[in-house]
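Here's the structure, in C-alpha cells; my notes come after.
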C-alpha cells in the first residue's frame, strides 16, 4: 500500500515529502494492533522517503472496503508544484 502510494505520487511528480495528510482505513481493527501497524510503516519509511515525524495521519476502523479481502486502504493528500 505505501509502495503503491509512492509510485502514484511519483507519477504526479511528487513524493512523500509533499504529503500533508494521510488517512488509513483498516478492516478488522482493534487498538491493540497499532504497535505492529506502525512497526510495518517504520520498516519502510526510509526506503520510501516518508519523513519523520510523519505527516498528520488518521487511522479509521471500518467494517469493509470495496475490494474483498483488502484490509487497508490509504488516502493521501499531497501538495506538489
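The values are calculated or read from the model by the stated rules, or taken from the named source; none is laboratory data. Just so you know, these numbers come straight off a predicted model, no measurement behind them. Methodologically, a virtual Cβ is constructed for each residue, glycine included, from the backbone with ideal geometry; neighbour enumeration extends over all protein chains shown.
Output the residues belonging to the range 58-81 that are assigned to a strand (DSSP E or B) and exposed (fewer than 11 other Cβ atoms within 10 Å of the Cβ). Residue satisfying the conditions is 58 alone. Scanning the range 9-44 for residues that are within 11 Å of the chain's Cα centre (by Cα), in a helix (DSSP H, G or I) and buried (at least 16 other Cβ atoms within 10 Å of the Cβ) yields a count of 2. The set of residues in the range 55-81 that are within 13 Å of residue 2 (Cα to Cα) and free of Cβ contacts under 8 Å to residues at least 40 places away in the same chain is empty.
Scanning the range 46-53 turns up no residue that is farther than 15 Å from residue 80 by Cα, surrounded by 15 or more Cβ atoms within 10 Å (Cβ to Cβ) and touching a residue at least 60 places away in the same chain (Cβ under 8 Å).
Of everything listed in (1) at pLDDT below 95; (2) over 19 Å from residue 73 (Cβ atoms), the single unmet condition for residue 38 is (2).
Quick check on residue 6: is it at pLDDT 95 or above, in a helix (DSSP H, G or I) and surrounded by fewer than 15 Cβ atoms within 10 Å (Cβ to Cβ)? Considered against the rule, which asks whether it is at pLDDT 95 or above, in a helix (DSSP H, G or I) and surrounded by fewer than 15 Cβ atoms within 10 Å (Cβ to Cβ), residue 6 comes out as no. Residue count for the range 45-57 satisfying the condition of being part of a helix (DSSP H, G or I) and closer than 18 Å to residue 75 by Cβ: 1.
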